[in-house]
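Read through the structure below, which is laid out as structure tokens, and then see the notes.
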Amino acid sequence: MAEKLAPEKRHDFIHNGQKVFEWDQTLEEVNMYITLPPNVHPKAFHCKIQSKHIEVGIKGNPPYLNHDLSAPVKTDCSFWTLEDDIMHITLQKREKGQTWASPILGQGQLDPYATDLEQKRLMLQRFQEENPGFDFSQAQFTGNCPDPRSFMGAAIMTLNPPPSQQTPHSPRRIPNRRVLIVGNYCHDVLIQNGSIVAETLGGAASFISNVLDSSSVSCELVSKVGHDFRYEVSHSPIVVPEKETTVFEAYFDLGIDGIGHADRVLKRVSACDPILPSDIPDSRFDFGMAVGVGGEILPETLEKMVEICDVVAVDIQALIRVFDPVDGAVKLVDLKESGFFHILHRIGFLKASSDEALFMDIEQMKQLCCVVVTNGEKGCRIYHKDDEMTVPPFLAKQVDPTGAGDSFLGGLVVGLVEGLSVPDAALLGNLFGSITVEHIGQPKFDLMMLQRVKDEVQKRKKQCNLSSSHNNDYNEFHERLSPARFSCVDSQLQPKLLVNGHSCDR
Ligand SMILES: Nc1ncnc2c1ncn2[C@@H]1O[C@H](COP(=O)(O)OP(=O)(O)OP(=O)(O)O)[C@@H](O)[C@H]1O
Ligand SMILES: O[C@H]1[C@H](O)[C@@H](O)[C@H](O)[C@@H](O)[C@H]1O
């Protein structure tokens with residue numbers, strides 16, 4: 001059935017009235033077909049595919065094509081072959097489902113009618129992939145065609161299983177996706193009114209793996225700790241015996257401004273070693289999460305991650321934090337000056353809190369990746385290309401904000417891995433973030449709550465499969481997740497409550 005939705009005919013790429021090559025596309029690939037000149041030895045042809053550029057020619061001559069591509073491609077899965085007198089170039093779309101109007105940036109674009117037809121065909125192909133038991137080849141859209149890239153998920157970008165992994169006539173089952181989490185565990189010391197009120201396991205990696213493990217999403221974690229690391233964790237860290245574990249002190253009474261809008265003041269009082277590319281396994285992952293807290297992620301570490309992971313989500317705190325040489329106070333630098341900027345066009349998601357977002361140019365970043373800005377009790381806002389939207393929060397009584405952003409990111413990735421759209425996945429992020437603020441340290445998620453969330457996620461996916469009108473109705477999903485969320489509020493109250501830095505009663 002899927003083959004009925006394969007490209008029916010190739011498009012001609014015309015330049016100066018002359019056909020330069022033919023091309024077509026599927027959900028995953030753009031194919032270019034170039035007729036080769038006769039009497040040239042096959043070994044003389046060359047083709048260089050870079051993530052946003054292509055060069056084709058005969059060695060020793062000026063290139064025949066030397067152009068930027070319309071959109072980024074995955075270079076490790078793109079390739080070229082020579083078949084008789086045709087060079088066939090297969091470009092693997094970095095953003096699966098994106099409709100390309102031309103392979104070459106700014107030239108030879110399909111007209112709007114042809115683009116629309118192309119988008120409809122890809123959308124049906126997408127339906128077909130999602131529902132292998134049905135035949136969509138005769139289906140038609142009325143009205144505007146949804147975007148095959150975002151319909152039922154930006155997760156479609158790379159997270160959906162290749163058709164070969166799906167069994168016909170069985171409900172769609174996403175195999176256990178592999179997530180790589182990179183960032184150091186740390187010791188968190190919470191200080192209020194000059195006294196230590198809690199010492200807990202910290203580090204974004206710990207909060208995120210807690211969410212992923214609780215949601216049965218398989219993950220591998222790369223983290224470094226010192227000889228003094230004092231927690232039992234399910235993903236063993238690399239121990240550096242001559243070093244101490246990274247320690248953060250969080251002061252809850254130093255950072256309150258005039259309108260009471262406050263957070264903690266953070267100080268890094270010791271730092272373990274950075275994570276090097278060689279510490280990261282060489283295998284491939286579906287999703288990577290660069291989630292350092294104390295400057296342990298280096299540009300070369302992130303580079304390795306984008307090489308080996310299909311999609312990488314980055315917490316901006318891993319990139320823009322600098323530490324006062326005297327007292328370790330955390331300060332932020334602009335993302336452009338962070339030393340990571342050149343890699344950011346290769347990441348999928350950038351998460352920042354509203355304070356951290358002041359250190360980037362959202363307008364610029366949203367063109368490169370999907371930007372998610374969390375805003376405490378107000379939920380979060382998503383920015384991608386020309387779209388933006390607010391995703392509503394869940395009601396919570398805040399005890400300790402530490403780790404809310406991390407759990408949010410964990411929930412977002414769980415949602416994406418499960419195949420939800422980005423806004424739906426962000427709603428899951430809000431859910432896990434809201435539960436985290438009600439605890440000091442790592443929250444223990446209630447099993448009933450987790451089961452109800454899983455059930456609601458499955459229902460949501462089915463609903464979106466059946467009707468595209470459900471896609472924009474996040475309120476409904478929110479309403480259905482809320483009862484699940486409240487089933488997990490502990491009856492045992494936490495002794496100390498820190499609400500925006502202030503103690504208060506529940
Ligand atoms: N008081 C709250 N009530 C409800 N939800 C909250 C609250 N605080 C945080 N959240 C949820 O957690 C998400 C992340 O919170 P926040 O924006 O405070 O992140 P953050 O500053 O990065 O946190 P941290 O650095 O402490 O990990 C929010 O988008 C929201 O969904
Ligand atoms: O455990 C916390 C948590 O991971 C926070 O997200 C991070 O900002 C802190 O530095 C860390 O100590």
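The values are calculated or read from the model by the stated rules, or taken from the named source; none is laboratory data. Just so we're clear, the structure is a prediction, and the values are computed from it rather than from any experiment. Don't worry about glycine lacking a Cβ; one is built from the backbone with ideal geometry, like all the others, and counts go over all protein chains shown.
Observations on the structure shown:
- Within region 228-260, the set of residues being modelled with pLDDT of 90 or more, touching a Gly at 6+ places or on another chain (Cβ under 6 Å) and assigned to a loop (DSSP other than H, G, I, E, B) comprises Lys243, Glu244, Thr245.
- Every condition in (1) within 16 Å of ligand 2 (Cβ to nearest atom); (2) outside any loop (DSSP other than H, G, I, E, B); (3) surrounded by fewer than 20 Cβ atoms within 10 Å (Cβ to Cβ) is met by Asp327 except one, and the failing one is (2).
- Selection status of Gly376, within 10 Å of ligand 1 (Cβ to nearest atom) and farther than 23 Å from Asp334 by Cα: no
- Output for region 269-302, where each listed residue is out of contact with any helix residue (DSSP H, G or I) (no Cβ under 6 Å at 6 or more places or on another chain) and farther than 15 Å from Leu221 by Cα: Val269, Ser270, Ala271, Cys272, Asp273, Gly294, Gly295, Leu298, Pro299
- Residue satisfying condition, being touching a helix residue (DSSP H, G or I) at 6+ places or on another chain (Cβ under 7 Å) and modelled with pLDDT under 90, within set Leu122, Leu82, Leu117: Leu82
- Only one of Met305, Met289 that is within 16 Å of ligand 1 (Cβ to nearest atom), hydrophobic (A, V, I, L, M, F, W, C) and surrounded by 22 or more Cβ atoms within 10 Å (Cβ to Cβ): Met289
- For region 191-231, a residue qualifies if it is under 13 Å from Thr246 (Cα atoms), small (Gly, Ala, Ser) and in contact with a Cys (Cβ under 7 Å, 6 or more places away or on another chain), and the qualifying residues are Gly202, Gly203, Gly226.
- The criterion of at least 3 residues that are at pLDDT 95 or above, within 16 Å of ligand 2 (Cβ to nearest atom) and farther than 17 Å from Leu481 by Cα is met, among strands (runs of 3 or more DSSP E) falling completely within region 353-416, by 370-374.
- Filter pass, Asn66 being part of a loop (DSSP other than H, G, I, E, B) and exposed (fewer than 13 other Cβ atoms within 10 Å of the Cβ): no
- Qualifying residue in region 303-312 (condition: over 30 Å from Glu28 (Cβ atoms) and either within 16 Å of ligand 2 (Cβ to nearest atom) or acidic (Asp, Glu) (or both)): no
- Filter result for Leu221 (under 13 Å from Val413 (Cα atoms) and either of a type in the set (Val, Ile, Thr) or in the same structural domain as Ser278 (by TED's automatic domain parsing) (or both)): no
- Residue match in region 382-402 (condition: within 11 Å of ligand 1 (Cβ to nearest atom), more than 22 Å from Glu479 (Cα to Cα) and of a type in the set (Ser, Thr, Tyr)): yes
- Scanning region 339-352 for residues that are within 16 Å of ligand 2 (Cβ to nearest atom) and out of contact with any Cys (no Cβ under 9 Å at 6 or more places or on another chain) gives a single hit, Ala352.
- Ser421 under 21 Å from Ser215 (Cα atoms), more than 16 Å from ligand 2 (Cβ to nearest atom) and polar (S, T, N, Q): yes
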